[in-house]
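Everything on this sheet refers to the single structure shown next.
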Amino acid sequence: MTKNLLGRSRTKENPYAVWQGFGAFGDTEVRLLKTYQKPDREQKNPYAKWFVAVRSDHTYGSFDMGDSYIRDLLEGMTLKQADPLFEEQYGITVPDGVELTEWV
């Protein structure tokens with residue numbers, strides 16, 4: 001059984017991955033700080049969540065941090081950067097501007 005490589009919390013300055021796009025709250029940036037399950041479990045769980053820091057038009061330049069459902073969080077977002085642990089956990093190499101729908 002493999003281990004969750006992203007199970008330790010990180011700071012918003014050192015996230016596992018960063019997405020940008022036009023989300024539900026306007027221009028949005030999402031930083032992944034921790035996952036609770038491995039990807040195979042997340043895909044089976046409609047309530048799978050991540051611990052994230054989110055900055056949008058509604059946060060006035062600061063980050064709000066907390067848990068969010070993955071399915072709601074990344075709709076319309078583009079993966080901009082990823083830590084090697086993220087790439088290993090999800091079995092992908094992230095070229096510039098990969099759309100999330102291409103690998104989830």
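The values are calculated or read from the model by the stated rules, or taken from the named source; none is laboratory data. These numbers were taken from a predicted model, which means no experiment stands behind them. In this analysis, Cβ positions are derived from the backbone assuming ideal geometry, glycine residues included, and neighbour counts consider all displayed protein chains.
Details
- Applying the criterion of being of a type outside the set (G, A, S) and free of Cβ contacts under 8 Å to residues at least 40 places away in the same chain to the residues of segment 19-32, the residue that is surrounded by the most Cβ atoms within 10 Å (Cβ to Cβ) is R31.
- Residue within segment 33-45 that is crowded, with 19+ Cβ neighbours inside 10 Å, under 10 Å from the mean Cα position of the chain (by Cα) and not aliphatic (A, V, I, L, M) present: yes
- Selection within segment 34-68 - polar (S, T, N, Q) and within 19 Å of A82 (Cα to Cα): T35, Q37, S68
- Scanning segment 34-68 for residues that are touching a Gly at 6+ places or on another chain (Cβ under 9 Å) and either free of Cβ contacts under 8 Å to residues at least 12 places away in the same chain or among the acidic types (D, E) (or both) yields one hit, D57.
- Residues being surrounded by 15 or more Cβ atoms within 10 Å (Cβ to Cβ) and part of a loop (DSSP other than H, G, I, E, B) - total across segment 64-76: 1
- Scan of segment 78-104 for residues that are modelled with pLDDT under 85 and not polar (S, T, N, Q), ordered by number: G91, I92, V94, P95, D96, G97, V98, E99, L100, E102, W103, V104
- Selection within segment 1-51 - under 15 Å from F63 (Cα atoms), hydroxyl-bearing (S, T, Y) and at pLDDT 95 or above: T11
- Pick from segment 46-63, criterion farther than 16 Å from F22 by Cα and touching a Ser or Thr at 6+ places or on another chain (Cβ under 8 Å), ranking: surrounded by the fewest Cβ atoms within 10 Å (Cβ to Cβ): F51
- Taken together, the residues in segment 69-81 that are closer than 23 Å to K3 by Cα, touching a residue at least 24 places away in the same chain (Cβ under 8 Å) and out of contact with any helix residue (DSSP H, G or I) (no Cβ under 8 Å at 6 or more places or on another chain) amount to 2.
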